[in-house]
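The values are calculated or read from the model by the stated rules, or taken from the named source; none is laboratory data. All values reported here derive from a predicted model rather than from experimental measurement. Note that we place each Cβ from the backbone using ideal geometry, even for glycine, and neighbour counts take in every protein chain shown. Side chains are part of the model used for accessible areas, which takes the heavy atoms of the whole protein and leaves out ligands, DNA and RNA. Shrake-Rupley method; radii C 1.70, N 1.55, O 1.52, S 1.80 Å.
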Amino acid sequence: MQGMIVLGIETSCDETAAAVVAADRRILSDIVLSQIEEHRPYRGVVPEIAARSHLDHIDRLIAQALEDAQCGWTDLHGIAATAGPGLIGGVLVGLTTAKAIALVRDLPLIAVNHLEGHALTARLTDGIDFPYLLLLVSGGHCQLVAVQGVGRYRHYGGTVDDAVGEAFDKTAALLRLGYPGGPAVEAAAGNGDPDRFALPRPMAGRPGCDFSFSGLKTAVRHAVAALPEGEADPASAADLAAAFQEAVADVLADRTINAIARFREEFPSGDRFVVAGGVAANTRVREVLAGTVAAQDMQFIAPPAGLCTDNAAMIAWAGLERLRLGLTDGLEFAARPRWPLAELRPRPGVAP
Ligand code: KG4
Ligand code: ZN
């Protein structure tokens, strides 16, 4: 395990990424090419454009990742690629490229679940042991999960409507803050007064660990419509962004408290909480969660922002974790647009 090196490939959404990671947790290279400019005119990711763009850039990025890592094909021990969930055209580009390399170079293929990539990142960055409680907050997902091991996830709760990153993106569009939404809302919120507008905290105070964000987004829409011009001037947009960000952080904290209670019951020795996914790049969200988790006597772990948003180092790392356990995949492995964490298994035929 110590000397193993894996190439990771990520193409499930609008970042084309390649990275080389070593089993001793060194990131030897980590390249992320954002397609933001290509999707900006449409104010959202266009799947067909994303897939074509991945195809245009993936070979060059892989060559660059190997060069940055000063490593040749013969230094690699495996090829890991995101095999889902995600936009299927893009996933196919990365997975097929990985299969071709695996075949030609006679290397094991590891078909990585993108969510498992996010879920295991804290073991790459902080070297933590299992079990831990994970809050995964990204553009497509919002869930609380007990992470018991590689391929062993217990779902505690998830969103019943929008993912939290999606709520950030839609709110940014309503406030005309630009694309992509999360960083734009965070930047605007920095100049805003979070108390001028009272926004709801959907699900807060209810039992369980589920989330809902569509009502919050609608509340922002109504607040904008009630403004004298019927649209947000820069000061109101900043105030609404701040109020929205605060409401999201509060809801995440409220649901996390319930999840911690359940996690403690099921894993009495577990005392670590990890936040991951693109929204974990948000400073205010991290701050509120860190306080909440500390008040519950749990250790708070958040990977650096660049490893919270989509990247290939997390895919290479998940590949290494699987390779170490002998969990490799055949070239017939089919890309999966939908692939919940709870469907993963530590070994074929083993219950989660
Ligand atoms: O994990 P990720 O890069 O891609 C998915 O797997 O979905 O997450 C992207 C999401 C987007 O919705 C983006 O707006 C959000 O993460 N995001 C943020 C921030 N940076 C990215 N949301 C809030 N604050 C941020 N600073
Ligand atoms: Zn992601």
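Of the listed requirements (1) hydrophobic (A, V, I, L, M, F, W, C); (2) open to solvent by 40 Å² or more (accessible area, probe 1.4 Å); (3) within 16 Å of ligand 2 (Cβ to nearest atom), ALA187 misses just one: (3).
Listed here are the residues, each with its yes/no results for (1) out of contact with any strand residue (DSSP E or B) (no Cβ under 7 Å at 6 or more places or on another chain); (2) away from ligand 2 (no atom under 15 Å from the Cβ); (3) open to solvent by 40 Å² or more (accessible area, probe 1.4 Å).
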| site | (1), (2), (3) |
| --- | --- |
| VAL104 | yes, yes, yes |
| LEU107 | no, yes, no |
| VAL112 | no, no, no |
| GLY127 | yes, yes, no |
| ALA146 | no, yes, no |
| TYR156 | no, yes, no |
| THR159 | no, no, yes |
| PHE168 | yes, no, no |
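So that you can scan it fast, the table gives a plain yes or no per residue for (1) over 14 Å from LEU55 (Cβ atoms); (2) among the β-branched types (Val, Ile, Thr); (3) open to solvent by 70 Å² or more (accessible area, probe 1.4 Å):
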residue	(1), (2), (3)
GLY3	yes, no, no
VAL6	yes, yes, no
CYS13	yes, no, no
ALA19	yes, no, no
ASP24	yes, no, no
ASP30	yes, no, no
LEU33	no, no, no
GLU37	yes, no, yes
ARG43	yes, no, yes
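Number of residues in the stretch 253-290 that are closer than 21 Å to PRO207 by Cα and assigned to a helix (DSSP H, G or I) equals 16.
Is it the case that the stretch 313-330 has a residue that's outside the structural domain of GLU116 (by TED's automatic domain parsing), open to solvent by 10 Å² or more (accessible area, probe 1.4 Å) and small (Gly, Ala, Ser)? So far as the stretch 313-330 goes, no, none of its residues is outside the structural domain of GLU116 (by TED's automatic domain parsing), open to solvent by 10 Å² or more (accessible area, probe 1.4 Å) and small (Gly, Ala, Ser). Answer yes or no as to whether ASP239 is modelled with pLDDT of 95 or more, in a helix (DSSP H, G or I) and charged (D, E, K, R). The answer is yes for ASP239.
Among residues that are within 22 Å of TRP339 (Cβ to Cβ) and in contact (Cβ under 8 Å) with a residue 24 or more places away in the chain, GLY127 is not included.
Inside the stretch 291-317, residues that are under 20 Å from the mean Cα position of the chain (by Cα) and part of a loop (DSSP other than H, G, I, E, B) make up a count of 7. Residues that are aliphatic (A, V, I, L, M), surrounded by 14 or more Cβ atoms within 10 Å (Cβ to Cβ) and out of contact with any strand residue (DSSP E or B) (no Cβ under 6 Å at 6 or more places or on another chain) are absent from the stretch 289-303. With respect to being within 21 Å of HIS155 (Cβ to Cβ) and assigned to a loop (DSSP other than H, G, I, E, B), GLY326 falls outside the description.
Residues that are within 15 Å of ligand 1 (Cβ to nearest atom) and free of Cβ contacts under 8 Å to residues at least 60 places away in the same chain within the stretch 141-161 comprise GLY158, THR159, ASP161, listed in sequence order. For the stretch 130-140, the criterion of being free of Cβ contacts under 8 Å to residues at least 60 places away in the same chain, at negative phi and either open to solvent by less than 10 Å² (accessible area, probe 1.4 Å) or over 18 Å from the mean Cα position of the chain (by Cα) (or both) is met by at least one residue. Can you confirm whether GLY84 is within 16 Å of ligand 2 (Cβ to nearest atom), on the phi > 0 side of the Ramachandran plot, crowded, with 19+ Cβ neighbours inside 10 Å and touching a residue at least 40 places away in the same chain (Cβ under 8 Å)? Yes, satisfied. Against the test of being open to solvent by less than 10 Å² (accessible area, probe 1.4 Å) and without any contact (Cβ under 8 Å) to a residue 40 or more places away in the chain, the options GLY230, GLY181 yield a single qualifying residue, GLY181. Scanning the stretch 1-17 for residues that are within 28 Å of PRO47 (Cα to Cα) and either at pLDDT below 95 or within 16 Å of ligand 1 (Cβ to nearest atom) (or both) gives GLY8, ILE9, GLU10, THR11, SER12, CYS13, ASP14, GLU15, THR16, ALA17.
Would you be able to say whether some residue in the stretch 26-34 is of a type in the set (D, E, K, R) and more than 16 Å from ligand 1 (Cβ to nearest atom)? Yes: one or more hits.
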